[in-house]
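Worksheet: one structure, shown below.
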Amino acid sequence: MTGSTKGTKDTDDYAPHPHIGGRTAALRALAAWRGAASGAPDTPRVVVLTGGSGSGRSRLLTGFLMLCEPEFRKQLPLDEMDPSTVPPELPAPAVPTADGLTAAQVLWLLADHYELNAISTAEVFAELAALDEPVTVVVPDVDRAGPVRAAGEPARLVREVLTPLAATESVRLVAEVPRPLAAELASGLADVVPPGTVQVIDLDEPEWADPEGLVLHAQAALNPEFGAPELPFTVDPAARLALGAAIGRRAGTSPLVVELAAHCVLMAPEGFDPADENQLPTSVGEALDLHARRLGADPQTLRLMLAPLAVAEADGIPVHLWARLASAVAGRDMGPAMADGMLLAGPFLQLVEQEADAEAGEAGEDGEDGQSDSGRTLVRLLHPAVGDEIRAGLPNIRAAQTQIAVALLEAVPEQDWGRADPYVRDHIAGHTLEADLLPQLLTDPGLFVHADPVPLRAAIEAVPTEELGAPARTYLRTAPLLTRTQAHATLRAALLETAFVEDGLPEYADAIHGRLGLELPWRTLWSLPVPGVSAVTVGSLPRPDGPAVPVAVLAVPADTPGARPVGETDGERSGEENEAGRTAVLVQRLAGLSALGETDLDPGQIMRPSGEERAAAPLGLSRGADYLRVWDRANQEVVAALISDVPFTAADLSPDGILVIATERGAKALLIRPATSAIAS
């Protein structure tokens, strides 16, 4: 029966899964888990798929998901496959992949999939538990969670998302988890779910290992029909089968070691003796060392070449930076070794073509960075397990990351982050985080403005708050708006400029205006941290001996320092509320925080713009709960759109384009520049 854990005849009589080529025992267990969703009894509700790095977890889960996706399974030879490895046809499970995402993002992907109305993580779990439909979830790539490698996101994902998901009785879960976190997940559930609820499939254990499959993989990798070069041991079927069997035996339980062994002998066959099994690796480390020695190179040279890639962020390092960073880690010029090093490093690498960065300026002072307007080439390791091996051999990770961080800083042209290579700009924070140097980096508003806010925010959040300086705390407060709006550099500058003024850091706001060469659509004139502002109006205060002074009038609680009481008539005329506790105003110069000088100022003397004056003004204002729009009356185009992480409580726009807004944090004034459109907070 489809989905059972027993085959009806010998597995040799069935076609293997075309993507996996084996793993029958594990596929049977996964198919049984999937079948239980349609009523099959006595199967685990939670499956934790684990194994060492390079054990084939991701490949197995990808192949299983092919069988779960209704359209894709139509392309598979289901009638020829072992029925016990084929799950029943059901609606596709939710698959919130964790690659590059935070724990919170993974959970909200799940909430979106089930169209939940939750507004907090606790509500997500509660609403999932209350759903009438089956909740079937597969979470791949837990080991690759997070936008910053050193921020510990995989552990956070296990603790904050997978554990409560698995504890929810209505949820059926498969999670692909690295071995240390798999043990933590299983032990954390032991006391909260009944026995038999959780099954751990460790692909390195004899019950789940697939030595025959490894041999078949090796033999296929050596076959010229599948792209292998024509060599004596690949064109001769007997020699090919014998070598494939030897590679599989030596690799133990690791498909990655099989892949590396085949890559090495096919890319550099000179000096390789197929009859000598001692030339075949038993681990990733041996694959590195044997390959280097066979090419007459020092294994340490190969490891130093690969070291920057082992600590790289995101999709890899730009090719033109690789030699510079390798030299930084090695403490010597690696250029000569790198120049002829592709044969040495090639079996362990992948090249990735990346589309051009829309925000990238010049990547180098002379513009000769090897990149084109159409895109650029990144280099990365073939598999994370290679990085694990390289990092384990480094004497001091922190020192290596320090050297890389210094080299990345030196690669910023004239310390202009707008001209920095996108990798340097967006990922230097990840390197300095692991070097324990990130707080020292977080003093340049140029970095705050130009760096991708997703990895920068993740890196800063990994630092204890007490270790952060005031500018970094302002950035952290503003970061949710930066990521929410997906704002480009000019809009990020606008958000940060006004946040710096709000937080009493005007020098950073001035630096954004003066040093970055960006035309911001406004300048924040002042900010008052006054809670409880319920209304704001603009006006002018007549002077007997000069022109009237433009002012802002803020309705505040009566006990606000510096507030002036108003009478009922004055309050009605000015629009301020005269409720209990709101019978006072602060009167502020519209264009700055200098004192008005009148100790006996009467708020009733303030003149408000007439309806005709407002209608004749070049700019208009519209308002929502958490956004404001300023628009040009002549062409109806929005020239500034302001958003906030807290609701606006009041807003007013003067005829000459000064916008006064209030939130629960206080009030501020922004001079709007009509020619540009932007978003601010």
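Would you mind finding the one in Gly575, Gly517, Gly562, Gly504 that is at pLDDT 95 or above and at positive phi?
On the way: Gly575 fails: at pLDDT 95 or above; Gly517 fails: at pLDDT 95 or above; Gly562 fails: at pLDDT 95 or above.
Exactly one residue qualifies, and that residue is Gly504.
What is the residue count in segment 152-195 for residues that are farther than 21 Å from Cys68 by Cβ, touching a residue at least 40 places away in the same chain (Cβ under 8 Å) and not in a helix (DSSP H, G or I)?
Of the residues in segment 152-195, 4 are farther than 21 Å from Cys68 by Cβ, touching a residue at least 40 places away in the same chain (Cβ under 8 Å) and not in a helix (DSSP H, G or I).
Kindly list the number of the only condition in (1) more than 24 Å from Thr168 (Cβ to Cβ); (2) surrounded by fewer than 19 Cβ atoms within 10 Å (Cβ to Cβ) that fails for Asn117.
(1)
Just one of (1) buried (at least 18 other Cβ atoms within 10 Å of the Cβ); (2) modelled with pLDDT under 95; (3) of a type outside the set (A, V, I, L, M, F, W, C) trips up Pro471, so point out which.
(2)
How many residues are modelled with pLDDT of 95 or more and either outside any helix (DSSP H, G or I) or of a type in the set (S, T, N, Q) (or both) if we restrict to segment 405-427?
Total meeting the criteria: 5.
Return the total of residues in segment 101-113 being under 16 Å from Val171 (Cα atoms) and crowded, with 16+ Cβ neighbours inside 10 Å.
Within segment 101-113, residues that are under 16 Å from Val171 (Cα atoms) and crowded, with 16+ Cβ neighbours inside 10 Å number 6.
Hey, can you tell me all the residues within segment 610-643 that are part of a loop (DSSP other than H, G, I, E, B) and touching a residue at least 40 places away in the same chain (Cβ under 8 Å)? Write out each step before concluding.
Just the residues of segment 610-643 that are part of a loop (DSSP other than H, G, I, E, B), to begin with: 610, 617-618, 624-626, 633-637.
Scanning segment 610-643 gives Ala617, Pro618, Glu637.
Of the conditions (1) assigned to a helix (DSSP H, G or I); (2) farther than 24 Å from Ala25 by Cα; (3) not assigned by TED's automatic domain parsing to the domain that holds Gly56; (4) not acidic (Asp, Glu), Ala246 satisfies every one except a single condition; which number is it?
(2)
State which residue is nearest to Ala669 (Cα to Cα) when the search covers only segment 472-513 and only residues that are in contact with a strand residue (DSSP E or B) (Cβ under 9 Å, 6 or more places away or on another chain) and acidic (Asp, Glu).
Within segment 472-513, the match that is nearest to Ala669 (Cα to Cα) is Glu502.
Could you run through segment 607-635 and say how many residues are at pLDDT below 90 and either exposed (fewer than 14 other Cβ atoms within 10 Å of the Cβ) or within 25 Å of Ala584 (Cα to Cα) (or both)? It would help to see each step written out before you state the result.
Kept after step one, since they are at pLDDT below 90, are these residues of segment 607-635: 623-627.
Then drop every residue that is not either exposed (fewer than 14 other Cβ atoms within 10 Å of the Cβ) or within 25 Å of Ala584 (Cα to Cα) (or both), which leaves 623-625.
Going through segment 607-635 one residue at a time, the tally reaches 3.
Do we find that Ala218 is out of contact with any Phe, Trp or Tyr (no Cβ under 9 Å at 6 or more places or on another chain), within 15 Å of His263 (Cβ to Cβ) and in contact (Cβ under 8 Å) with a residue 40 or more places away in the chain in this structure? Please lay out each step first, then the result.
Details: out of contact with any Phe, Trp or Tyr (no Cβ under 9 Å at 6 or more places or on another chain): yes; within 15 Å of His263 (Cβ to Cβ): yes; in contact (Cβ under 8 Å) with a residue 40 or more places away in the chain: yes.
Taking the combined requirement at face value, the residue satisfies it.
Taking into account only those residues within segment 162-202 that are over 13 Å from Val48 (Cβ atoms) and β-branched (Val, Ile, Thr), which is farthest from the chain's Cα centre (by Cα)?
Val192
Within segment 510-554, which residues are under 12 Å from Ala662 (Cβ atoms) and among the small types (Gly, Ala, Ser)?
Looking only at segment 510-554, we keep the residues that are under 12 Å from Ala662 (Cβ atoms), and these are 527-537, 552-554.
Those that are under 12 Å from Ala662 (Cβ atoms) and among the small types (Gly, Ala, Ser): Ser527, Gly532, Ser534, Ala535, Ala552.
Among the helices (runs of 4 or more DSSP H) lying completely within segment 443-507, list those that include at least 1 residues that are among the hydroxyl-bearing types (Ser, Thr, Tyr).
Numbers: elements: 445-450, 453-461, 470-485, 489-502.
Counting at least 1 such residues, we get 470-485, 489-502.
The values are calculated or read from the model by the stated rules, or taken from the named source; none is laboratory data. What you see is a predicted model; the values in this text were computed from it and never measured. Heads up, the Cβs are rebuilt from the backbone with ideal geometry, glycines too, and the neighbour counts pull from every protein chain shown.
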